[in-house]
Every structure is written in structure tokens, then in C-alpha cells.
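Working notes for the structure below.
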Amino acid sequence: MSNASSFIKYISKSDILKIIVATTLFFVIVQSIRITLLMNDEPTTFYDVHVWKNIGITSTFSSWISHFWSMITFMFAEDNFWQVVGNMIWLWVFGSVIEDLKGIYRVLPIYLIGGIFSAFIFILLGTILKPAEVNFYAGAMPSIMAVAVATIVYKPNYQFWFLFGKGIPVWIFGGVYFILQLVAIKEYNLQNLSLMVGAILVGVGYNYGFGFIFDNVTTGFKKLGEYFENNRNFVNKKDGYNFSAPKTLQVDTANIDMILDKINSKGIDSLSAKEKSILESFSKK
């Protein structure tokens, strides 16, 4: 298997890794363009007007439509390396809970829908209010906020274990993140706050009333992932488990591998009582 195939297989196992890779690559590409322009003695305003302003969202429909692709690009755009690092750490904190309990292909739909819906509210509000100056926004905050709220509403008492055996529930991390984002807002106005409101609505909607939308997107991502896996000769899937075979270590290992695959794709809550019993018995061996 080529290095490229191995890399694709590795990141396909986690939406968090997909987002981290996409955000990092986007940051490198944008900053490379910026550095190239500076080396060619272009003024900084050239980069701001012709590059940066075209990958972020603007606050009115008329100003946004000329760079409509920004509805997607804005959530991967950061102009500071440490901002990228911080955002990806927060994404891991909240997204890992969803992936651990519900399986893969669950975080990316929340991330994308959270960003797109928040951007829509931002643009719609600007179009209605018609501010004197066109507001601009680029960053992952709305998307990460949506994942954070979805996680906290789903499992508020999920604990991260640190030193001295003390567990910290995820809702505390959510509170810290929310306060930090409020502090980071450079200008308190209705449009900037609407980004947070949109993200919160998506996070709540994921758990109450609109879960079917996220499930449909998850199904689509799963089919896309399976297509690439099958065309790269990745791990073959099997339809069921051989529970009736003799209980040898070899058979148990095969069953355990399939159970672990099920946990990875659907979460540990998807296991039946029999599967949990097999997993527990194997762990004792």
C-alpha cells in the first residue's frame, strides 16, 4: 500500500483528523500566498482585499454573493498559527466525546452545518439591518461552538481524567470555551453575537428535533468513505460475527476485531449485550 493510501486510510478513521488536516493545509496555502505577495513587494492591502476578504464571509447578501464559496472557506480560515493550534485542541476536546460514544462520521456534519447555518444568520441579519460598514468574519469559532454545544447537551457529565484521578466533566470545558470566545470578540454587535447564537441552535438541534438531518449527512459521508476504501483495497467488511464457531483464541480475535470496528463506526453504545460480554471475556484473557 502506498504512503498516500495509508495516509488517507488513517485520517478516514476520524472526522477530527480530517478537519485538522484541512485547516492546517488551508492555513499553509493562504500564508504561502501572503508571503509570496510580500516578497514581490505587494502592499499588505493587496492581500487583504484580493485574498483574505474573499475567503471570509461579509455581512450582507449583496457583498457576499461575489465570493459565495466563503460560506465553506471561512470556517477553515485562520490568520494566526496559535489560533489554529488552540482551535484544533478545543475541537478535539469536544469532538472526541462524540466520536467515542457515537462513532466516526459524526463530527464533520455538526462542524459544517454549524458553520454554514451561523454564516447564514450572520449574512441575513446584516442584509436586514444594513449596517453602515460591511462586517467581515473568518474563523472556526461557530463550527467548534456547534460541536461543543452538541457534546454538552448530549453528555454533559462525560469526564476527562487527569492527574490525581480527578475527572473533569465536559460541561466545564464548554463553559470555559464559551467565556473565552466572548472575551475574544473584538466588537460586540448583534451580527458577531449571531454567529454564536446560530452555533448554539445547531448544537441543540443536533440532539432535539433535527437529528435526522445530521444522520443523513453522516450516511452520505460513510458511503463516500466506503467508496474510497473499496477502491484502495482497504479492510474488507464482513456481514456478521461467527459466534457459533469453536471458542479458540483465533476465532475470538477475529470477532473482537469486528466488534472494535463496530465501536469505531457506530460507538460503544451500539453493542449488544452479547457483544459486550464477548469483549469483556476477551479482555480477561
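The values are calculated or read from the model by the stated rules, or taken from the named source; none is laboratory data. Because the structure is a prediction, the values reported are computed rather than measured. Using ideal geometry, Cβ is built from the backbone for each residue, glycine included, and neighbour counts are taken over all protein chains shown.
Just a few scattered comments:
- The number of residues in segment 59-71 that are surrounded by fewer than 16 Cβ atoms within 10 Å (Cβ to Cβ) and either touching a Lys or Arg at 6+ places or on another chain (Cβ under 8 Å) or not assigned by TED's automatic domain parsing to the domain that holds LEU125 (or both) comes to 0.
- Candidates GLY114, GLY86, GLY167, GLY175 - the one that is without any contact (Cβ under 8 Å) to a residue 24 or more places away in the chain, within 21 Å of GLY56 (Cβ to Cβ) and either in contact with a Cys (Cβ under 8 Å, 6 or more places away or on another chain) or of a type in the set (Gly, Ala, Ser) (or both): GLY86
- You will find that of ILE104, ILE8, ILE20, ILE35, the residue that is of a type in the set (A, V, I, L, M), in a loop (DSSP other than H, G, I, E, B) and either modelled with pLDDT of 90 or more or surrounded by 13 or more Cβ atoms within 10 Å (Cβ to Cβ) (or both) is ILE104 and no other.
- As for segment 180-203, it holds no residue that is under 16 Å from the mean Cα position of the chain (by Cα), assigned by TED's automatic domain parsing to the domain that holds GLY56, surrounded by 13 or more Cβ atoms within 10 Å (Cβ to Cβ) and not in a helix (DSSP H, G or I).
- Where a residue in segment 194-205 is under 8 Å from SER118 (Cα atoms) and its partner, wherever it lies, is among the hydroxyl-bearing types (Ser, Thr, Tyr) and part of a helix (DSSP H, G or I), with Cβ under 7 Å and at least six apart: LEU195/SER118; GLY198/SER118; ALA199/SER118
- Taken over segment 108-150, residues that are among the hydroxyl-bearing types (Ser, Thr, Tyr) and over 18 Å from LEU180 (Cα atoms) amount to 3.
- Meets criteria (surrounded by 14 or more Cβ atoms within 10 Å (Cβ to Cβ), touching an Asp or Glu at 6+ places or on another chain (Cβ under 9 Å) and in a helix (DSSP H, G or I)) for PHE74: no
- Of all residues in segment 78-101 being within 26 Å of SER270 (Cα to Cα) and more than 12 Å from the chain's Cα centre (by Cα), the one that is surrounded by the most Cβ atoms within 10 Å (Cβ to Cβ): LEU101
- Residue in segment 156-168 that is within 17 Å of the chain's Cα centre (by Cα), of a type in the set (Gly, Ala, Ser) and part of a helix (DSSP H, G or I) present: no
- Which listed residue, of PHE76, PHE68, is touching a residue at least 60 places away in the same chain (Cβ under 8 Å) and not β-branched (Val, Ile, Thr): PHE76
- Exactly one residue out of PHE94, PHE46, PHE74 is at pLDDT below 90, touching a helix residue (DSSP H, G or I) at 6+ places or on another chain (Cβ under 7 Å) and of a type in the set (A, V, I, L, M, F, W, C), and it is PHE46.
- Members of segment 61-81 that are more than 15 Å from ASP48 (Cα to Cα) and touching a strand residue (DSSP E or B) at 6+ places or on another chain (Cβ under 8 Å): TRP64, MET71
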